[in-house]
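Contents: one structure, followed by commentary.
FYI, it's all coordinate maths here, none of it is from the lab. All of these numbers come straight from a predicted model, not from anything done at the bench. In this analysis, Cβ positions are derived from the backbone assuming ideal geometry, glycine residues included, and neighbour counts consider all displayed protein chains.
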């Protein structure tokens with residue numbers, strides 16, 4: 001994965017000496033942290049658990065990324081931090097239902113979980129002589145890691161295989177947009193701080 005072409009020192013508070021394509025930070029609306037309604041993803045083709053995020057805040061970031069990188073990105077019309085991915089649920093569903101995961105998440109007040117935005121990251125994949133790109137906001141979210149540990153404990157208590165789910169293998173992010181399709185770990189893209197590309201800064205309230 002080639003995550004950066006042009007080298008500039010980023011100013012992200014949680015990282016140093018990272019690659020960036022722009023020395024100016026993208027402004028982030030504080031509404032990115034506002035509480036919004038939980039969304040049940042149990043009925044989708046590939047069920048997953050997520051924390052819903054204010055879409056307008058992410059749409060504004062996407063417009064800035066498009067301007068900086070001179071492209072047009074596709075998006076899903078909503079924003080979230082995935083807490084349990086569809087592949088992870090494939091392991092968990094042997095003993096846990098999505099309805100139960102939703103219940104655990106709501107009992108743990110998932111929509112009130114604090115997190116910190118770090119940067120805009122980019123993942124890329126060469127496919128059929130074409131470069132696919134996906135952009136996302138990398139976040140720090142220790143309490144979402146704790147929620148994953150709660151789910152892991154429940155999974156093991158109910159007889160789930162220890163090797164079936166690793167709660168610490170977690171790279172919280174908010175998808176901003178993508179050129180062709182979103183890219184995931186199965187594509188070799190890890191959405192962590194090492195993929196930081198563009199600095200971001202919270203707007204003053």
Subtracting the Cα-Cα distance of residue 75 and residue 166 from 0.36 nm times their residue separation yields 29.9 nm
Would you work out the Kirkwood radius for the stretch 78-150? I mean one over the mean of 1/r across all pairs of different Cα atoms, in Å. 14.5
Normalised by the empirical 2.2 N^0.38 Å for globular proteins, what value does the Cα Rg of the stretch 29-75 take? 1.43
Using the Cα gyration tensor of the stretch 128-201, with a ≥ b ≥ c the square roots of its eigenvalues, what is the shape: rounded (a/c below 1.5), prolate (a/b larger than b/c) or oblate (neither)? oblate
Would you mind computing Rg(Cα) / (2.2 N^0.38 Å) for the stretch 16-133, counting N as its residues? 1.25
In Å, the Kirkwood estimate of hydrodynamic radius for the chain over Cα pairs equals 17.7
Where does the chain land at 222 nm, in deg cm²/dmol rounded to the nearest 500, when only DSSP H runs of n ≥ 4 count, each adding -39500 (n - 2.57), divided by all residues? -7500 deg cm²/dmol
Roughly what angle does helix 142-157 make with the longest principal axis of the chain, taking Cα atoms, 0 to 90 degrees, to the nearest 10? 30
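Using mean Cβ contacts within 10 Å as the protection proxy, how do 193-204, 148-159 order, highest first?
193-204, 148-159
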Full-extension gain in nm, residue 127 to residue 56, via 0.36 nm per residue minus C-alpha separation: 22.5 nm
